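The values are calculated or read from the model by the stated rules, or taken from the named source; none is laboratory data. These numbers come from a predicted model, not from an experiment. Backbone-built Cβ (ideal geometry, glycine too); neighbour counts: all protein chains shown.
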Amino acid sequence: MGNDRYQSPLSERYASKEMQYIFSPDMKFRTWRKLWIALAETEKELGLNITDEQIKELKAHAEDINYEVAKEREKVVRHDVMSHVYAYGQQCPKAKGIIHLGATSCYVGDNTDIIVMSEALKLVKTKLVNVIDELSRFADTYKSQPTLAFTHFQPAQPTTVGKRATLWMQEFLMDLEDLEYVLSTLKLLGSKGTTGTQASFLELFDGNQEKIDRIDPMIAEKMGFDACYPVSGQTYSRKVDTRVLNVLAGIAASAHKFSNDIRLLQHLKEVEEPFEKTQIGSSAMAYKRNPMRSERIASLSRYVMIDALNPAITSATQWFERTLDDSANKRLSVPEGFLAVDGILDLCLNVVDGLVVYPKVIEKRLLSELPFMATENIMMDAVKAGGDRQELHERIRELSMEAGRNVKERGLDNNLLELIAEDPAFNMSLEDLKETMDPAKYVGRSKVQVEAFLEKVIAPVLERNKELLGVKAEITV
């Protein structure tokens, strides 16, 4: 493509070749031809006058699409499906008269859309499973590494780096469950005619209801599906697109949350996304290491979450058996949602695979806040040694406020332990107090929770999907 026209960044910069192929003209029009073959075979098997020679001719040209012929024909007839029927007929003169027999445009258009979305969901599933796998390794590695937890982005009771990673994983796992459910419910439209009544087949099969009932199941089987939707207008319900795009929006939301946390941690210098040796962080500030991949995850994720509104509104505004105000929207919203999510998951794979953890920075920040969090333990120890609980509570409150002022107003280190050691009410030495400062004492059941989550929840999912594992992401820019 030349540099004198718009190029989609989704294909040029973000999405993989595999996802781009799924939404390519080749995939679309080859699927159209497979559907025409499936229809002709079904009609022949049910007794229509279609020959083996005609089927053989159709199969011989299933892959070599004569795009130029179709393009020229569309200029004349202004109809994409009939243009391709014509082009296929030019290659298959013997079968020309039976291509698309009894069908309407949605037979190829809508069935292909379902097939394409199904293949795209399978690719998304593969990458999602691999993100969960990468995160599981990260969580296991750092399950015992204490770190300061935050609520409201204010210091809170410590957790571990691995435990925090399980929170990301759990959200991606919910997305996987949603994806698997929606994928398992996808059905073909089948061949139901212009308003979904199969009226044309009543004519073709002389009113033989039994034969007409067999058309959709036979087409579904030939195309690798379990069934067709039992009823339809001219199209499959656009509610299907809504369900599919909602799965993508869910993945985007999970990825966005993950990327936000990484960006905040990188600001704290506790965890960093991978940064290549020759990578430039800023054109002006040579020292910068910006979390640009996590930022891109957030950027693309917002696009996908908003994109999910398109099929929802389209579904809501379809009139009766169909209108055509869905077509142009579907051509944009569905492929671009998938291309963007593909790029998001590749970025997630890349980021998780190369996450850098800085334990010394984590420990320093944790220790600077830990004295405040250890006050309850310190108070209990002082009570055991004979102190008055209510008096000690008030003293520790006052000393905490003083230490807080020293940090915030004077820029000093947290000296709460020193203040407590100097207070005779506590009768504890600085050494005694420092012994209570082991971060591992304050992370609760973090390690146990990580191990249980990985063993009982994640391991079965990875085992069930082991043939999908081992994917590595290629980031273009």
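Taken together, the criteria place K257 among residues that are among the charged types (D, E, K, R), assigned to a helix (DSSP H, G or I), touching an Asp or Glu at 6+ places or on another chain (Cβ under 7 Å) and modelled with pLDDT of 95 or more.
Out of N130, N111, one residue alone is surrounded by 21 or more Cβ atoms within 10 Å (Cβ to Cβ), farther than 30 Å from S200 by Cα and not β-branched (V, I, T). It is N130.
Of the residues making up region 408-420, one or more are under 43 Å from the mean Cα position of the chain (by Cα) and in a helix (DSSP H, G or I).
Residues in region 219-241 that are surrounded by fewer than 20 Cβ atoms within 10 Å (Cβ to Cβ), touching a residue at least 60 places away in the same chain (Cβ under 8 Å) and in a helix (DSSP H, G or I): K222, K239. Please verify whether M174 is surrounded by fewer than 20 Cβ atoms within 10 Å (Cβ to Cβ), of a type in the set (A, V, I, L, M), at pLDDT 95 or above and in contact with a helix residue (DSSP H, G or I) (Cβ under 8 Å, 6 or more places away or on another chain), treating the condition exactly as stated. Judged against the criteria, M174 is a match. Among the residues of region 157-210, write down those that are over 26 Å from the mean Cα position of the chain (by Cα) and part of a helix (DSSP H, G or I). Selection gives A199, S200, F201, L202, E203, L204, Q209, E210. Taking residues in region 149-170 that are surrounded by 15 or more Cβ atoms within 10 Å (Cβ to Cβ), and partners anywhere that are among the acidic types (D, E) and part of a helix (DSSP H, G or I), the pairs with Cβ atoms closer than 7 Å and at least 6 places apart or on different chains are P155/E369; G162/D140. The residues of region 296-322 that are part of a helix (DSSP H, G or I), surrounded by fewer than 21 Cβ atoms within 10 Å (Cβ to Cβ) and among the charged types (D, E, K, R), listed by number, are R296, R302. Looking at the structure I just gave you, is E57 touching a Cys at 6+ places or on another chain (Cβ under 8 Å) and over 22 Å from C106 (Cβ atoms)? Taking the combined requirement at face value, the residue satisfies it. Among the residues of this structure, V448 counts as one that is surrounded by fewer than 16 Cβ atoms within 10 Å (Cβ to Cβ), among the aliphatic types (A, V, I, L, M) and under 30 Å from A165 (Cα atoms). Report, ordered by the first and then the second residue, all pairs with beta carbons closer than 8 Å, sequence separation of six or more or different chains, a first member in region 1-16 that is within 9 Å of L339 (Cβ to Cβ), and a second member that is polar (S, T, N, Q) and at pLDDT 90 or above. Matching pairs, first to second residue: S11/Q20. Screening D226, D216 for residues that are out of contact with any strand residue (DSSP E or B) (no Cβ under 7 Å at 6 or more places or on another chain) and of a type in the set (D, E) leaves exactly one candidate, D226. Of the residues examined, A249 is one that is touching an Asp or Glu at 6+ places or on another chain (Cβ under 9 Å), modelled with pLDDT of 95 or more and either farther than 18 Å from F138 by Cβ or outside any helix (DSSP H, G or I) (or both).
For region 151-167, the condition holds for no residue, the condition being that it is under 30 Å from D113 (Cβ atoms), touching a Leu at 6+ places or on another chain (Cβ under 9 Å) and of a type outside the set (A, V, I, L, M, F, W, C). For region 331-362, residues that are surrounded by fewer than 16 Cβ atoms within 10 Å (Cβ to Cβ) and of a type in the set (F, W, Y) total 1.
If you filter region 191-214 down to residues that are out of contact with any helix residue (DSSP H, G or I) (no Cβ under 6 Å at 6 or more places or on another chain) and of a type in the set (V, I, T), you find that the one that is nearest to T104 (Cα to Cα) is T194.
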